[in-house]
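The values are calculated or read from the model by the stated rules, or taken from the named source; none is laboratory data. All values derive from a computational prediction rather than experimental measurement. Cβ atoms come from the backbone with ideal geometry, glycine included; neighbour counts cover every protein chain shown.
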Amino acid sequence: MDPKQKQFSIWYVFIALWAIMLFQMFVTPFFVPTEIPYSEFKAAVAAGRVEEVSVSSTVIHGRMKPEAPPSGETASPVKEGRVFETVRVEDPDLIRDLEKHHVKVTGVIQSTFLRDLLSWVVPIALFFAVWLFLLRRMGQGQGGFMTVGRSKAKIYMEKEVKVTFADAAGVDEAKAELQEVIEFLKTPEKFSRLGGKIPKGILLVGPPGTGKTLLAKAVAGEAGVPFFSISGSEFVEMFVGVGAARVRDLFLQAKEKAPCIIFIDELDALGKARGIGPMAHEEREQTLNQLLVEMDGFDPRVGVLLMAATNRPEILDPALLRAGRFDRHVLVDRPDKIGRVAILKLHARAVPLESEADLEVIAAMTAGFVGADLANIINEAALLAVRRGKDTVGLAELQEAVERVIAGLEKKNRVLNQKEKERVAHHEVGHALVTLSIPGVDAVQKISIIPRGIAALGYTLQLPTEDRFLMTKSELENKIAVLLGGRVSEEIIYHEVSTGAQDDLLKATDIAKSMVKLYGMSEKLGQISFERERQPLFLQSGQPPAPGDYSEETSREIDCEVRRIIDEQYGRVSSLLEKQQGLLREAATVLLGKETISGDELKRIIAKSAASV
């Protein structure tokens, strides 16, 4: 049967209710007697309209004579009058009146079975039918309601897992960590010969989009074993005890198919720290307890390996992370340049490129990108090439795709008035000139006044040329200076500021606060870190967070130091741009005419301006 024919629609309910109403309106009156007052009954007897009655001590049942047909029509021989009933009252003349008008009288009460069936049995049957229907809907895909405690894990047999390490690029260190796990699943006797045991649980930790789920599937594909995949949120349902039952069933199924891999994605949905916060979830904690018990109970020599993935390890329950449970943590980090090239080549296998060397350029431009971002870049570039009617994907499409991922889609329909465009142009050129005037900052790739994304009216695209893992005090100050360049240029040209620098000021303030409170880069406050690692809100106690382990006087000094850093860089940028005011106006005019210029074009404008002086 076509899956679309199985879909439930609310219109089915309305049709059923409408059918029941029609049944009651047109069918029921022929079977259920109509109640009439005793006075109406007496009047009908006197008028000779009553055909027969059955009299009991409390109720009179009867049937009216068929109504006469209209003139010119023949009466149907099978047509009967309507059935009625009325309350029996003390009337000594009743029998005499009935005999007088030739009404057939019986003492047998008419059967009420059909009436009782319609009034009692049918509603009850309808209620149970709806109830069973809803229960079946709740258990759909799991064999019905009685299987609600069964595990919802998707089971991939060894022949179905087509993913291998060749499909997971840019995670060489993680693959090396997992290599011995694969060898154990293939040849467990090799390790058990010397008494070695494989870790019961392996936790894949890393930012979103780095390929943790893909890596777990690749382990199963390399080992050639069944793969049980389930999300942490699928354990908890509305019924108490269902999550724990599903955990038991999952491990029972896994033992039957050992050696195999159980993979729990988004473990933080199930394994949050217990009993912390104002809203503890009792059902989730019972499910977590059952998982801990199962991990303690199964023998690693059976060949059942538990893997899980999370990007928030700091919120997991400590009992999950102790030795004997998830005791091996594998970091799946953002790829370096070599890893990004490998990922781009992997996703570009089905995409015709003008030159594979373009991927090296894109890899250099995308420092900090994860595998999912790089896959999105290849896909966006292919779509752009199709729109432009090209047969291959070139560097222009790849660079445009990078801009889409970083800044968002171009909003060419968002039309700015001339004054706003001029202000945005001076703002963006201010950023770019400061970038070119200060050494050690990311190079300017492009300057544009075409709105992008949700709120960006223009942007200056800076792309790193190499991966960086440490930053010095002067480099952080240079970042603040570049962020303030737009605000300063507006003040120099228009002698007032606008709301366009809101995001710049927010980022600059965050950097300055981190310099003072985290990195100990304030000479006045010394080599002290005033801020501990931030915890998620649900790990905090019910009390409001403390302001910090320092006095109000220290807090005031921190504020003064943050202000000093911002003010120093603001004065530094003001001095730089005041000297280049003519160049600022000239570059802004060129940008207004073209709407987009590259970093190389800006350098040529600067060189031309310097030569003419």
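Of note:
- Here 347, 427 are screened, and the one residue that is crowded, with 17+ Cβ neighbours inside 10 Å, farther than 27 Å from residue 482 by Cβ and not hydrophobic (A, V, I, L, M, F, W, C) is 347.
- Qualifying positions in region 563-613 - of a type in the set (Lys, Arg) and either under 21 Å from residue 423 (Cβ atoms) or over 46 Å from the mean Cα position of the chain (by Cα) (or both): 579, 585, 594, 604, 608
- Single residue of region 518-536 satisfying the filter (of a type in the set (S, T, N, Q) and part of a loop (DSSP other than H, G, I, E, B)) that is modelled with the highest pLDDT: 527
- Of all residues in region 430-463 being polar (S, T, N, Q) and in contact (Cβ under 8 Å) with a residue 40 or more places away in the chain, the one that is nearest to residue 487 (Cα to Cα): 435
- Taking residues in region 578-595 that are over 16 Å from residue 436 (Cβ atoms), and partners anywhere that are modelled with pLDDT of 90 or more, the pairs with Cβ atoms closer than 6 Å and at least 6 places apart or on different chains are 592/425.
- Once region 366-379 is narrowed to residues that are part of a helix (DSSP H, G or I) and surrounded by 20 or more Cβ atoms within 10 Å (Cβ to Cβ), the residue that is farthest from the chain's Cα centre (by Cα) is 378.
- Exactly one residue out of 360, 354 is surrounded by 16 or more Cβ atoms within 10 Å (Cβ to Cβ), over 30 Å from residue 288 (Cβ atoms) and not assigned by TED's automatic domain parsing to the domain that holds residue 444: that is 354.
- Selection count where residues are surrounded by fewer than 16 Cβ atoms within 10 Å (Cβ to Cβ) and within 20 Å of residue 223 (Cα to Cα), scope region 296-327: 3
- Scan of region 170-221 for residues that are among the hydroxyl-bearing types (Ser, Thr, Tyr), part of a helix (DSSP H, G or I) and closer than 21 Å to residue 255 by Cα, ordered by number: 192
- Selection of region 428-456 for residues being assigned to a loop (DSSP other than H, G, I, E, B) and at pLDDT 80 or above yields 438, 439, 441, 442, 449, 450, 451.
- Residue identified as farther than 25 Å from residue 444 by Cβ and at pLDDT below 90 among 322, 387: 322
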